[in-house]
1. Rank the residues TYR9, TYR73, TYR18 as a footprinting-exposure proxy: fewest other Cβ atoms within 10 Å of their Cβ go first.
2. Helix 57-66 versus the longest principal axis of the chain: what is the Cα-based angle in degrees, 0 to 90, to the nearest 10?
3. Determine, from the Cβ-Cβ distance of SER79 and THR27 and an R0 of 35 Å, the FRET efficiency 1/(1 + (r/R0)^6), rounded to the nearest 0.05.
4. What relative contact order, as a whole-number percentage, does the chain give when Cα pairs under 8 Å and 6 or more residues apart are counted?
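Readers should treat all values here as calculations from the given coordinates under stated rules, not as data from a laboratory. Please read these numbers as outputs of a predicted model, since none were measured by experiment. Neighbour counts are summed over all protein chains in view; Cβ atoms, including those assigned to glycine, are modelled from backbone coordinates with ideal geometry.
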Amino acid sequence: MNSEDYSHYENMALQEFYKDIAVDTITGHEEIKNVIYVDQTSIGKTPRSCPATFIGTFDHVRKIFAGSTESKYLGFTPSYFSFNSKK
């Protein structure tokens, strides 16, 4: 994807995000550093593959879960919360 396409998709994503919000102003969107466009095309070996795993989103979620007091007590690491975990 070239930078022109990227800007187009970034613009579309922001417009979609704002369209149903009933507020006068929105601030902070200037701090968005990255937008990743993901469509519904199959990825991986199965049509049930989760795009969020391919772009790294769940890496952050697993770290948050593993950082909870209960997870630390039980010895759960981020890998425990993986879709591929055998636990």
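1. TYR73, TYR18, TYR9
2. Taking the Cα atoms of the chain, the angle to 57-66 is about 40 degrees.
3. With R0 = 35 Å, the Cβ-Cβ based efficiency is 0.40.
4. Once normalised by length, the contact order is 16 percent.
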